[in-house]
Amino acid sequence: MAETVLPKLEVTPQNPLVVGAGASLIEISNLSLFYGKSRALKDVSLKIRERVVTAFIGPSGCGKSTLLRCLNRMNDLIDGVRIEGSAKIGGHDIYAPDVDVIELRKRVGMVFQKSNPFPKSIYDNVAYGLKLQGVTSKGELDTAVEQSLIGAALWDEVKDRLQSSALGLSGGQQQRLCIARAIAVKPEIILMDEPASALDPIATSRVEDLILELRKDFTIVIVTHNMQQATRISDETAFFYMGELIESGPTQKIFTMPKQKRTEDYVTGRFG
Amino acid sequence: MTEIQNFKTRKFDFASFFFSGLTGFSTLLILAILAVILGNIIINGWPNLTWHFVSTIPKKDFFDPATTGVLPMIIGTTIRVFMMTIFVLPIGVITAIYLTEYAPSGSWLTRIIRAAVNNLAGVPSIVFGLFGLGFFINFIGRNMDQLMHNPGPVWGQPAVLWASLTLAVMTMPVVIVATEESLKAIPMGLREASLAIGATKLETIIRIVLPQALPGIMTGGILAVSRAAGEVAPILFTGVAYYMASLPGKLSDQFMDLGYHVFVLSTQSPDIEKTRPILYATVLVLLLLTFALNFVAVLIRARVRKKLRALG
Amino acid sequence: MPQQQHQGKLTSGWMGIHRGHKARPLEWLAEKFIFLVSLSTILMVFLIFVFVAREALPIFLGKENSALIKPVIPPADIDKLKSEELRAYLNLTEKQFQKMDRETKVDLMLVKQEAQSEIPERLLNDPDAKLNTTEWGAMLKPRQWASYNKPEYIWQPIGQIHKYNIIPLFVGSLKITIIGLLFAVPLAVGAAIYISQLARPRVREVVKPVIEMLSGIPSVVVGFFALLIMATVMQKVFGYETRLNAFVAGVALSFSVIPLVFSIAEDALTSVPRSYTQGALALGASRWQTAWQIVLPAATPGVFAAVVLGFGRAIGETMIVLMVCSASVMSWSIFDSARSITTTIAAEMAEAVAGGHHYRILFMLGAILFAVTFVSNMLGELVIHRLKHKMEGKR
């Protein structure tokens, strides 16, 4: 399980918000987000390390999904959103004025709560991102589609019907197709917004296995409601409550010896 | 079903019975009006609708049932409606795309555009006719003639081009509203998925949104065509001709028109009893053209609405 | 994906996200283009207003003069006039005036003089002949014309002296519109209540599109039906004298108003939150009581908007009224013929000389019609907008 690969880490009282140690890829500092006048995120500071799975947990409306969507600037699509503070990826501020959001999203992929395959064939779904980037060679596309589907553990199930509609797949298959679609463009980070919340237990466990597999190649940030899921798949966990980051650290530490009362109440199921 | 339970469980509720009956009767009456109009036209029109009738170019006296036909009218109406579609579809669809995909909701400009669309939908058709005469013919047409040094009016007079443009302005709201409805029916998740892969907004619209919205856009086009095909008032001063010996060949030609022909046959006939059969046949041709299209559009629209509701 | 691909990529690869704001000029251009095209709707409304009003402007400003006998300035007096006065007298535009030489102007004055001398003797002492019938006073107030024995409102744009009193047209339009609404509104609202509140979903799904199909019948077809069938049947039933009258026109008009009023009212009734009706039903109210006491009051603004928009549609309808009745008699009786504003424009534009006073008055009628429908549309849309806002808040 996850703890075997985790390095030992030090969380000092001076720097309680550092997740883990070592090379951090994403650095969020004093990030606040406003919808019009209401504040959805309050001064969040957090570091997320490269090639580990980081889980965001917390009760509904706590801001975990909002923070996730800040990382590929999907919040830009909503009218009246304002952001203060900074979010850096690889040392580059993604809210700097000269940032090209499209380029950013190519590097920060996303998988949504509700699987949303395009009403196209399975092949076209996976090839979509590559075609956008101007890849036209049939051979290149074929290889990329196959690799991505293998990467998303879906290849064996669909290799004989690549040209049939993606909408004919089961819910779990659709979600894995969405993951294949996301990894086809070779992002470095994959954001997952409750990817298994609409799936049955068997499909969920397949998606979870897949996430553990993907962790070797990608930095994964996952929002989840399901605390067992967080313990099963994440290396590090951040707990949010009412738009604030309450506590973060190695997953097993958050779940076994939380420092904050509210974290303890939540992970032990007293509210939420 | 509720009525039956009511009878069993409580006293006969006269008010309830009376008012339910009254509103139900209103509904039936409207349906009856529709049925009578359609039935009357089909029963009287069908026997007179011959191949000869729809394929003949009439002589000057088109009131004679033996020799008349409606070929030039069918062609005229088709041409003006077809040209209108070319003008109205791109503008209408692009406007709808702006309103649903780009326009900041709640901004004053968006509200003005929406108000303009609603207003265009409510302008009386005869005012569109006046507009076509005042703007297209008297302003644009005459200035074109002057620029081209035409000896006489070529563009500064009624023409099929001006009639089509006038109709395009008139049907713009139809296309916009139908397209918008179908764009809104597309789940936000699809757009997000595309954007999250790194597609630009425009790529998302062209590759994901528009293909999905195609049935709705078609509905809008069909509704616009059906509305325009039956309209007479806007073309009265902008292009229709009472009689033309030849078919229109240039954009600056006038044309004969089915709807206008119905008007002429009903009001100017020297002997209404004699022309009645051809009048019915002409009306039936017009109805087949407009109403059949409308029927198709209503069916597609009902399906789109159902889909919309299913998606919540 | 091979592991080594990510080696050392921690920071270096992310430089690529800095591409500047205008990284995609085509995208930017396309967006601007889409925006500009969408402005065309505003432009259209503006142009309609400008170009309909433009042709009517001389009437609105009181610059048009339709008097048959006008004061004549003899060509010999050409030098006594200021150029501005001369231009106004000759009814020329600035451009035309500057292009013309003195001789042509003198010729024009001669033509004017001759035209005036051709006026028949009997009219020379007729006060009507000196009247500018396009003045507001003449257009709105009754006048006792020669050979009439009392002051009357008359629209008669033919003959030597064109009579342009617009009151009969407004009365005609209102008469027909009101009759149309009196038929259409109860029927359409009744059907909307039935379909939205009482009918089974199955019935609703079939009947609603069928009623909406009524709007697909072209108005010439409704006009044809009213002229050939309805007029005769209704005369037999009611036994009135004039076969084609405002009553028949109004009833026929209601056919084109019903689908509009029905859809808007039905929308308004359906948008009343479920919680309202379920609350009432739970308290033991019958379906009908719920519809009448809970749903209808909540949807009243929407029904009102439907009526207002129906009014706009009815007053602007042309072909039905044109085919069914067209004599411009000033009468409030619904069994007399009546001529509406729209009919007048449609029937007379062909005879009117472009740029003449008759032509301009018809455009003026169009401009007024546009203003009336503009206001009723705005009002209707405003009410619907408010209602939607309210209902969405409570859902």
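The values are calculated or read from the model by the stated rules, or taken from the named source; none is laboratory data. Because the structure is a prediction, the values reported are computed rather than measured. Note: ideal-geometry Cβ built from the backbone for every residue, glycine included; neighbour counts use all protein chains shown. When the accessible area is computed, the model is the full protein with side chains, heavy atoms only, and any ligands, DNA or RNA have been set aside. Shrake-Rupley method; radii C 1.70, N 1.55, O 1.52, S 1.80 Å.
How many residues does region B:182-211 hold that are over 22 Å from A:Gln133 (Cβ atoms) and surrounded by 19 or more Cβ atoms within 10 Å (Cβ to Cβ)?
Here the count works out to 4.
Which helices (runs of 4 or more DSSP H) does region B:70-161 wholly contain that include 3 or more residues that are more than 27 Å from C:Val257 (Cβ to Cβ)?
On the way: elements: B:71-97, B:108-122, B:125-131, B:142-148.
It comes to B:71-97, B:108-122, B:142-148.
Please give the helices (runs of 4 or more DSSP H) falling wholly within region C:189-274 in which 2 or more residues are over 30 Å from C:Arg287 (Cβ atoms). It would help to see each step written out before you state the result.
Details: elements: C:201-213, C:219-225, C:231-238, C:246-270.
Output list reads C:219-225, C:231-238, C:246-270.
What's the number of the condition B:Pro104 fails, among (1) open to solvent by less than 20 Å² (accessible area, probe 1.4 Å); (2) touching a Ser or Thr at 6+ places or on another chain (Cβ under 9 Å); (3) more than 8 Å from chain C (Cβ to nearest Cβ)?
Single failed check for B:Pro104: (1).
If C:Met44 satisfies every condition in (1) within 14 Å of chain B (Cβ to nearest Cβ); (2) more than 30 Å from B:Gly92 (Cβ to Cβ) but one, which is the exception?
(2)
In region C:52-71, which residues are surrounded by fewer than 20 Cβ atoms within 10 Å (Cβ to Cβ) and within 13 Å of chain B (Cβ to nearest Cβ)?
If the condition is that a residue be surrounded by fewer than 20 Cβ atoms within 10 Å (Cβ to Cβ) and within 13 Å of chain B (Cβ to nearest Cβ), then C:Ala53, C:Arg54, C:Leu57 are the ones that fit.
Pairs only if they're at least six apart or on different chains, beta carbon under 8 angstrom, first in region A:202-231 and in a helix (DSSP H, G or I), second among the hydroxyl-bearing types (Ser, Thr, Tyr) and open to solvent by less than 10 Å² (accessible area, probe 1.4 Å); list them, first residue then second.
Hits for this filter: A:Ala230/A:Thr224; A:Ala230/A:Thr237; A:Ala230/A:Thr251; A:Thr231/A:Thr251.
Please tell me if C:Leu187 is modelled with pLDDT of 90 or more and more than 8 Å from every other protein chain (Cβ to nearest Cβ).
Working: modelled with pLDDT of 90 or more: yes; more than 8 Å from every other protein chain (Cβ to nearest Cβ): no.
Taking the combined requirement at face value, the residue does not satisfy it.
Can you confirm whether C:Val353 is more than 20 Å from C:Trp136 (Cα to Cα) and open to solvent by 10 Å² or more (accessible area, probe 1.4 Å)? So that I can check it myself, show each step before the final result.
Working: more than 20 Å from C:Trp136 (Cα to Cα): yes; open to solvent by 10 Å² or more (accessible area, probe 1.4 Å): yes.
Considered against the rule, which asks whether it is more than 20 Å from C:Trp136 (Cα to Cα) and open to solvent by 10 Å² or more (accessible area, probe 1.4 Å), C:Val353 comes out as yes.
Have a look at A:Val108, A:Val99, A:Val52 and point out the one that is away from chain C (no Cβ under 12 Å) and of a type outside the set (D, E, K, R). Quick ask: steps written out before the conclusion?
Values: A:Val108 fails: away from chain C (no Cβ under 12 Å); A:Val99 fails: away from chain C (no Cβ under 12 Å).
Checking each option against the conditions leaves just A:Val52.
When region A:184-201 is examined, which residues are found to be open to solvent by less than 50 Å² (accessible area, probe 1.4 Å) and without any contact (Cβ under 8 Å) to a residue 60 or more places away in the chain? Walk me through how you get there before you give the answer.
First pass over region A:184-201, keeping only residues open to solvent by less than 50 Å² (accessible area, probe 1.4 Å): A:184-185, A:187-196, A:199.
Matches in region A:184-201: A:Ala184, A:Ala196, A:Leu199.
Condition (residue is without any contact (Cβ under 8 Å) to a residue 24 or more places away in the chain and within 30 Å of C:Thr344 (Cβ to Cβ)) applied to region C:100-113: is it met by at least one residue?
no
Among the residues of region B:23-73, write down those that are in contact with a Gly (Cβ under 6 Å, 6 or more places away or on another chain) and under 28 Å from C:Ala188 (Cβ atoms).
Answer for region B:23-73, where residues must be in contact with a Gly (Cβ under 6 Å, 6 or more places away or on another chain) and under 28 Å from C:Ala188 (Cβ atoms): B:Thr23, B:Ser26.
So which residues in region C:222-250 are without any contact (Cβ under 8 Å) to a residue 60 or more places away in the chain and either buried (at least 24 other Cβ atoms within 10 Å of the Cβ) or within 19 Å of C:Ala188 (Cβ to Cβ) (or both)?
C:Phe225, C:Met230
Can you find even one residue in region B:116-133 that is away from chain C (no Cβ under 11 Å) and either among the aliphatic types (A, V, I, L, M) or farther than 19 Å from C:Gly355 by Cα (or both)?
Initially, region B:116-133 is screened for residues away from chain C (no Cβ under 11 Å), giving none.
Checking region B:116-133: not a single residue is away from chain C (no Cβ under 11 Å) and either among the aliphatic types (A, V, I, L, M) or farther than 19 Å from C:Gly355 by Cα (or both).
Please name all residue pairs, on different chains or six or more residues apart, with Cβ atoms under 6 Å, provided the first residue is in region C:188-199 and is in the same structural domain as C:Phe262 (by TED's automatic domain parsing) and the second residue is open to solvent by less than 10 Å² (accessible area, probe 1.4 Å) and aromatic (Phe, Trp, Tyr).
C:Ala188/C:Phe262; C:Ala191/C:Phe262; C:Ala192/C:Phe262
Is at least one residue of region A:197-218 out of contact with any Asp or Glu (no Cβ under 7 Å at 6 or more places or on another chain) and closer than 18 Å to A:Leu46 by Cβ?
No: region A:197-218 contains no residue that is out of contact with any Asp or Glu (no Cβ under 7 Å at 6 or more places or on another chain) and closer than 18 Å to A:Leu46 by Cβ.
Of the residues that make up region B:211-219, is at least one among the β-branched types (Val, Ile, Thr), at negative phi and without any contact (Cβ under 8 Å) to a residue 24 or more places away in the chain?
Pass one, region B:211-219, residues among the β-branched types (Val, Ile, Thr): B:217, B:219.
Filter once more, so that each one left must be at negative phi: B:217, B:219.
Of the ones still in play, those that are also without any contact (Cβ under 8 Å) to a residue 24 or more places away in the chain are none.
For region B:211-219, residues among the β-branched types (Val, Ile, Thr), at negative phi and without any contact (Cβ under 8 Å) to a residue 24 or more places away in the chain: absent.
Tell me, which residue of region B:50-86 that is among the aliphatic types (A, V, I, L, M) and buried (at least 19 other Cβ atoms within 10 Å of the Cβ) is farthest from B:His261 (Cα to Cα)? Working first, answer last.
At the first step, the residues of region B:50-86 found to be among the aliphatic types (A, V, I, L, M) are B:54, B:57, B:66, B:70-71, B:73-75, B:79, B:81, B:83-84, B:86.
Now restrict to residues that are buried (at least 19 other Cβ atoms within 10 Å of the Cβ): B:70, B:73-74, B:79, B:81, B:84.
Numbers: B:Val70: 9, B:Met73: 7, B:Ile74: 10, B:Ile79: 16, B:Val81: 16, B:Met84: 20 Å.
For region B:50-86, the residue satisfying everything is B:Met84.
Take B:Ile112 and decide whether it is surrounded by fewer than 19 Cβ atoms within 10 Å (Cβ to Cβ), under 25 Å from the mean Cα position of the chain (by Cα) and at the interface with another protein chain (Cβ under 8 Å from one of its Cβ atoms). Even if it seems obvious, please write down each step before you answer.
Numbers: surrounded by fewer than 19 Cβ atoms within 10 Å (Cβ to Cβ): yes; under 25 Å from the mean Cα position of the chain (by Cα): yes; at the interface with another protein chain (Cβ under 8 Å from one of its Cβ atoms): yes.
Judged against the criteria, B:Ile112 is a match.
When you scan region C:258-274, do you find a residue that is open to solvent by less than 20 Å² (accessible area, probe 1.4 Å), small (Gly, Ala, Ser) and within 13 Å of another protein chain (Cβ to nearest Cβ), even just one? Full working, then the answer.
First pass over region C:258-274, keeping only residues open to solvent by less than 20 Å² (accessible area, probe 1.4 Å): C:258-259, C:261-262, C:265-266, C:268-269, C:272-273.
Subsequent filtering for residues that are small (Gly, Ala, Ser) retains C:265, C:268.
Next, from what is left, pick out any that are within 13 Å of another protein chain (Cβ to nearest Cβ): C:265.
Yes, region C:258-274 has at least one match.
Take the conditions buried (at least 24 other Cβ atoms within 10 Å of the Cβ) and in contact with a helix residue (DSSP H, G or I) (Cβ under 7 Å, 6 or more places away or on another chain) and apply them to B:Ser269. Does it pass?
Numbers: buried (at least 24 other Cβ atoms within 10 Å of the Cβ): no; in contact with a helix residue (DSSP H, G or I) (Cβ under 7 Å, 6 or more places away or on another chain): yes.
Spelling it out, it is not the case that B:Ser269 is buried (at least 24 other Cβ atoms within 10 Å of the Cβ) and in contact with a helix residue (DSSP H, G or I) (Cβ under 7 Å, 6 or more places away or on another chain).
Just to be sure before I move on: is A:Ser60 in contact (Cβ under 8 Å) with a residue 12 or more places away in the chain, outside any strand (DSSP E or B) and surrounded by fewer than 20 Cβ atoms within 10 Å (Cβ to Cβ) in the structure I sent?
Values: in contact (Cβ under 8 Å) with a residue 12 or more places away in the chain: yes; outside any strand (DSSP E or B): yes; surrounded by fewer than 20 Cβ atoms within 10 Å (Cβ to Cβ): yes.
Yes, satisfied.
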